[in-house]
Amino acid sequence: MTLSIEVITPDRTVWNAKAEEVILPSSTGQLGILTGHAPLLTALDIGVMRVRIEKEWLSIVLMGGFAEIVNNKLTILVNSAEEAKNIDSKEANINLDKALNDLEKAESPKTKIEATQNLRKARARFQAASLI
């Protein structure tokens, strides 16, 4: 038995497939989903979703949102998402360094919050690219 998974952003469906196992970056930590999971609605954090299809693991970067599981159907609504296979690891590393630098230079509370969010996104993209 498998899970039906759909990752949706405001402008498109990023991913739609069946899988055996999913690990989500929930707001309370990593959340594992297998077939037969109890119905659940959870907030998602910026992070990497791991999906197991047969024996292969895939990674998708999620930029915050919500996930709902009902009757082996996992629907993920996020602000944006990107498959790890589409991320250039060198570019992700450069962006991570830049985000760290921007956070160090941030002075006002607003720029610190923005820099922190950008760092979290850059770190998630770098992590996903490293898992390929």
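Each value in this text was obtained by applying a stated rule to the coordinates, not by laboratory testing. This structure is a prediction, so every number in the text was calculated from the model and none was measured. Positions of Cβ are generated from backbone atoms using ideal geometry, with glycine treated the same way; all protein chains shown enter the neighbour counts.
A few comments on the model shown:
- The simple spin-label model puts a point 7 Å past each Cα toward its Cβ; for residue 93 and residue 12 those points are separated by 2.8 nm.
- Between region 1-60 and region 64-132, the Cα center-to-center distance that results, in Å: 16
- Per-residue [θ]222 nm for the chain (sum of -39500 (n - 2.57) over DSSP H runs n ≥ 4, rounded to 500): -10000 deg cm²/dmol
- Amide H partners (placed H, <5 Å) of residue 14, local residues excluded: 7, 8, 9
- Within region 1-28, backbone nitrogen closer than 18 Å to the virtual label 7 Å beyond the Cα of residue 53 toward Cβ: 1-9, 13-24
- Its residue count N sets the reference 2.2 N^0.38 Å, and the alpha-carbon radius of gyration of region 87-130 equals 1.14 times that reference.
- Among 73, 112, 121, residue whose mean-square fluctuation peaks in a GNM of the chain (springs only between Cα atoms under 10 Å): 112
- Relative to the longest principal axis of the Cα atoms of the chain, the long axis of helix 89-105 makes an angle of roughly 50 degrees.
- C-alpha long axis of helix 109-130 to longest principal axis of the chain, angle in °: 50
- Matching label, Cα extents along the principal axes in Å computed from the structure shown, candidates [x] 51, 28, 27; [y] 97, 31, 25; [z] 50, 40, 26: [x]
- Cα-based convex hull volume of region 33-84 per residue, rounded to whole Å³: 70
- Summarising the overall dimensions of region 1-75 from its C-alpha atoms, the Rg and Dmax are 11.2, 31 angstrom.
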